[in-house]
Structure formats: C-alpha cells, structure tokens
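All remarks here apply to the structure that follows.
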C-alpha cells in the first residue's frame with residue numbers, strides 16, 4: 001500500500017514556484033495565468049475613447065464599473081457587497097466662487113492677499129455661502145499632535161472659532177536624525193490632509209498652510225490648479241460641518257508679509273517651529289474671506305468581488321486599484337479625452353488578472369480575497385476613504401491591503417521600489433517574493449514628497465490595515481537606471497494627467513507581468529497563514545491597529 005501525503009497550499013505553491021514536483025515532472029506556477037496579452041487587453045479596453053476618460057458621474061463611469069463587474073462575474077467571483085458587485089459612494093461637488101481678496105488686519109494696518117496669486121481656499125461644508133469674518137489668526141508651528149514623538153503644537157491652546165496658520169511637512173524635514181520625525185521621510189503628520197483634519201478636531205474655523213516647494217514636494221502652480229474650480233468630496237451625515245469652514249494655502253511670500261504686519265518681520269518660523277520649546281502664539285491679526293458655493297450631490301460606485309476562502313473565510317486580504325481618471329476636458333492638441341492608460345487602467349488590469357488566478361486555483365486559499373476597484377482616487381482618494389469608513393468586512397478581520405496604481409510599462413525591472421518602506425511587515429513579504437524573481441528591494445527614492453499618503457493604500461493604513469504599494473521603477477534589467485529615469489520623467493512631463501496617457505501596442509509589459517505575479521504570490525502567502533502582518537515599531541499606524549485588535553478580542 002502506498003502512503004499518500006497531502007501538501008498544504010503554501011507547500012504546493014513552493015513546489016509550483018520551484019518548477020518541480022516530487023516526481024521531478026515540470027509543474028505550472030498558478031501565476032503563469034497572468035500574461036502580457038491579458039493585461040494589455042484590459043488596458044486597451046479601459047483606456048479607449050469609448051470609456052471617455054472614466055470620470056465619476058459620467059457615462060464613462062457607467063461603462064467602466066459595468067466592465068469591471070462583468071469581468072468579475074465571468075470569472076465566477078461572488079458579489080462583494082451583500083449580493084451586489086457595487087458599493088454606492090455618496091459625494092458632493094462644491095464649486096466655490098472665492099472673494100478676490102483675503103483681508104488680513106490688526107485694526108490699524110491692513111493686508112490684501114490676491115486669490116490664486118497669494119492664497120487659495122475652499123470648503124468641504126455643504127453650504128451655499130461661507131463667511132469667515134475677522135477670524136483671529138494663531139501660528140501653530142506645524143499643526144501636529146504626535147504622541148509617539150512627544151510633540152503637541154496645540155498644547156494648552158483653545159483655537160475654537162479661530163484660524164490656525166501652519167507650516168507644510170513635519171519638523172524632521174531637512175534634518176538627518178531618523179529618530180526625529182524620520183528626518184526627510186515625510187510622516188503622516190506632514191501630510192496636508194492630516195493638518196486639516198487635526199485643525200477641525202481642535203475646533204478651528206479656518207486652517208491655512210504656508211506653501212514652500214521643497215517640503216511640499218510640488219510648486220505653487222500645483223496648488224493654484226488643484227485647489228481651484230469644482231471639487232469632489234465625500235458627503236457625510238452632518239454635511240461636512242465637522243470640517244473647518246475654510247481650508248487653504250498661502251505662498252511663503254504672503255506669509256512673510258503677514259508676519260511683517262504682525263510686527264514679526266524676519267521671524268524665522270521654520271527654525272523656531274522645529275524647536276521642542278516652541279509655543280504657538282496669536283499673530284494679533286484677523287482674516288476675512290467669503291465663498292459662494294454651487295452644490296451638486298450624486299453617487300459614484302466602488303466595485304467589489306470576493307474569492308471565498310476555506311477554513312478562514314471570515315478573514316480577508318484586499319487587492320485594490322482605482323478605476324477613475326480625469327474624463328473629458330478642453331482639447332490639448334486636438335485631444336479632449338484623458339484616457340488614463342497608465343493611471344490607472346494598468347492597476348485595474350492587474351486586479352482582474354490576479355482575480356483570474358485565484359479563481360483557477362485547484363486548492364483554494366484559506367482566507368477570502370476581496371477585489372476592490374475604487375472610485376474618485378483622482379479627486380482625493382475618495383472611494384477608498386469611503387470603504388475604510390464603511391467597510392463591508394470588519395477592519396479587524398482584514399489582514400492586509402495590496403494596492404496597484406500607475407505602472408509605467410518599461411519592461412522587466414531589477415528593483416521593487418516600496419513606497420513607505422519601513423512601516424510594516426508587508427516589506428518582508430515583498431522582499432521574499434522579489435528575491436524569488438532575482439530582484440532587490442528599494443525604498444522610495446524621494447520619501448520627502450510623501451507618496452505613501454497619495455494613493456489608495458493610505459486609507460487602509462489609516463484605519464490600521466498593513467498596506468503595500470510597490471512596483472519596479474528604478475533599474476531596468478537591460479537598459480539600466482538612467483534609461484528608467486528618462487522614461488519616468490518623460491511620462492511625468494508629457495503624459496501624466498494629460499490626454500496623451502494612452503495605450504500603445506508597442507509597450508513592453510513584461511515588467512507588469514512580473515509585478516502582478518509578485519502581488520499574487522504575496523497575497524496568496526498571507527491568505528494561507530494563521531497570523532496577520534504587523535506594523536513595525538515607529539510607524540504612526542501601529543497604535544490604532546494594536547488598540548482595535550485588542551478591543552476586538
């Protein structure tokens with residue numbers, strides 16, 4: 001009688017990846033089902049003119065979400081939201097007509113700042129009119145409360161009904177001490193989204209960030225264009241009345257004039273605010289500005305599908321990618337459709353191809369896999385933010401997130417660059433999978449710009465789910481580092497958020513296949529473990545996860 005040995009799913013995968021079995025016969029890696037042709041077909045379709053740039057609230061949205069739903073359905077995936085493949089995401093569009101000037105005064109002297117040139121402001125409050133009238137201005141340094149760094153810029157302050165003025169980034173920027181806000185690697189506390197949220201928690205009426213190009217990571221022109229015109233926001237039950245009435249930016253030149261009127265000409269606020277002895281103070285000034293708002297409410301959709309697990313089916317790994325892009329706009333060289341082939345038809349293609357592999361596994365994974373295509377990333381990570389606030393599956397039952405966003409098709413890469421390297425054990429899973437492909441791990445080469453906080457994985461991290469955002473970007477296997485940089489720079493300058501981000505049949509998608517197979521392997525490994533990936537010491541997301549997991553016991 002021959003003894004039969006039953007191998008675990010992980011052991012089977014190891015055998016698949018090694019290309020051999022106990023009988024020395026060649027076995028197929030399940031991830032081989034991920035192909036250049038499969039990825040290309042999805043990108044070509046989603047980035048075609050027929051999909052009208054995939055903007056929320058348009059015909060392009062309807063075509064896009066139904067295409068993704070149909071692909072999930074054809075694969076045999078289960079609907080991810082109580083029998084539906086859709087999660088409705090209520091949003092509001094606010095088009096603010098801002099007064100031409102912001103008036104800064106101390107009663108004796110008056111400074112008039114010009115809209116767009118000196119300041120930009122907007123509001124998330126769903127109100128037709130916003131009036132900020134002589135709101136006292138308080139300089140609060142970086143506007144940060146960070147217990148793990150023993151830092152509180154609001155210590156002893158009451159800023160209710162006042163306007164707080166603060167610096168961009170965090171106190172570590174420009175330094176070399178990795179223990180002090182991670183030096184030049186931006187922490188969550190340096191991100192403008194945190195600063196606005198914290199100001200609202202403190203009860204401020206207004207919040208203004210002083211823009212500087214290096215610590216912000218982008219020039220004033222980006223603020224001018226990105227913070228004016230109609231803006232989309234998530235709609236809340238309180239109509240966003242919990243947010244500050246005014247949120248905005250001023251130029252560093254305008255800030256210098258403000259400090260001059262406040263009798264603090266030449267005040268080195270950058271140096272002073274980094275000092276642990278810094279104490280926030282009133283500028284002795286008030287700010288006034290108005291906004292007349294045009295409001296429109298509507299509902300967009302996230303698309304969700306599930307590959308059920310077996311013995312741990314109530315636990316989940318989330319694969320995410322955003323489906324939206326910029327839609328149809330004013331023609332540029334005769335082209336008015338922002339097709340979004342790289343950003344982010346690539347991510348949706350990866351999502352569908354990985355889903356295909358999980359549906360074809362002979363021995364299913366233990367944990368369930370949620371495939372989540374989210375809306376309105378380009379408008380502020382709104383779809384993923386909505387899911388994180390309204391999860392279909394419990395956050396404490398969600399082991400990890402793997403996010404896929406905008407891979408430039410430059411062929412096979414030696415590196416796997418991890419955005420936010422050092423935050424969680426997801427780095428270790430990525431390193432193991434990359435080494436099997438003969439690749440090396442590289443931390444983000446420009447960490448001061450805070451890219452970790454600028455794609456959908458951030459919203460999962462924010463609620464405590466260890467998240468991975470990685471791709472090969474730095475060193476092409478045959479053409480090297482400089483060539484890869486030239487391709488990235490060319491994409492950023494000529495196609496990123498322009499009508500020319502279009503599918504090209506000459507693309508080399510071999511690197512996309514490598515990355516997609518790597519993402520599958522990481523998720524597959526986690527889906528068969530008994531433990532969850534953990535945040536590492538020093539990550540600002542660790543405390544919430546630890547508390548939530550303890551409370552769920």
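Observations on the model:
- When residue 354 is tested against the conditions (1) in contact (Cβ under 8 Å) with a residue 12 or more places away in the chain; (2) more than 30 Å from residue 481 (Cα to Cα), the lone failure is (2).
- Where strands (runs of 3 or more DSSP E) fall wholly inside the range 68-167, the ranges with 3 or more residues that are in contact with a helix residue (DSSP H, G or I) (Cβ under 7 Å, 6 or more places away or on another chain) are 86-98, 163-167.
- Some residue of the range 462-481 being part of a helix (DSSP H, G or I), at pLDDT 95 or above, buried (at least 21 other Cβ atoms within 10 Å of the Cβ) and in contact with a strand residue (DSSP E or B) (Cβ under 9 Å, 6 or more places away or on another chain): no
- Candidates are the residues of the range 389-404 that are under 30 Å from residue 228 (Cβ atoms) and surrounded by fewer than 23 Cβ atoms within 10 Å (Cβ to Cβ); the one that is nearest to the chain's Cα centre (by Cα) is 389.
- Candidate set: the range 423-446, residues that are over 13 Å from residue 534 (Cβ atoms) and either in a loop (DSSP other than H, G, I, E, B) or outside the structural domain of residue 478 (by TED's automatic domain parsing) (or both); chosen: the one farthest from the chain's Cα centre (by Cα): 438
- Leading residue by the ranking (farthest from residue 100 (Cα to Cα)) among those in the range 267-304 that are in contact with a helix residue (DSSP H, G or I) (Cβ under 6 Å, 6 or more places away or on another chain) and in the same structural domain as residue 233 (by TED's automatic domain parsing): 278
- Scan of the range 429-446 for residues that are buried (at least 20 other Cβ atoms within 10 Å of the Cβ) and within 23 Å of residue 218 (Cβ to Cβ), ordered by number: 444
- The listed residue being in a helix (DSSP H, G or I), surrounded by fewer than 24 Cβ atoms within 10 Å (Cβ to Cβ) and in contact (Cβ under 8 Å) with a residue 40 or more places away in the chain, out of 346, 359, 417: 359
- Any hit, the range 285-307, residues being in contact (Cβ under 8 Å) with a residue 24 or more places away in the chain and not in a strand (DSSP E or B): no
- Some residue of the range 170-178 being under 20 Å from the mean Cα position of the chain (by Cα) and in the same structural domain as residue 215 (by TED's automatic domain parsing): yes
- For the range 208-230, the criterion of being over 18 Å from residue 191 (Cβ atoms), out of contact with any strand residue (DSSP E or B) (no Cβ under 8 Å at 6 or more places or on another chain) and part of a loop (DSSP other than H, G, I, E, B) is met by no residue.
- Any hit, the range 487-509, residues being over 22 Å from the mean Cα position of the chain (by Cα) and closer than 30 Å to residue 363 by Cβ: yes
- Considered as a group, the residues in the range 50-67 that are out of contact with any helix residue (DSSP H, G or I) (no Cβ under 8 Å at 6 or more places or on another chain) and not in a helix (DSSP H, G or I) include one that is farthest from residue 321 (Cα to Cα), and that residue is 57.
- Going through (1) without any contact (Cβ under 8 Å) to a residue 40 or more places away in the chain; (2) under 21 Å from residue 517 (Cβ atoms); (3) part of a loop (DSSP other than H, G, I, E, B) one by one, residue 405 falls short only on (1).
- Residues located in the range 182-203, provided they are closer than 18 Å to residue 233 by Cβ and not in a helix (DSSP H, G or I): 191
The values are calculated or read from the model by the stated rules, or taken from the named source; none is laboratory data. Keep in mind that this is a model prediction, so the values were computed, not measured. Glycine gets a Cβ as well: all are built from the backbone with ideal geometry, and neighbour counts include every protein chain shown.
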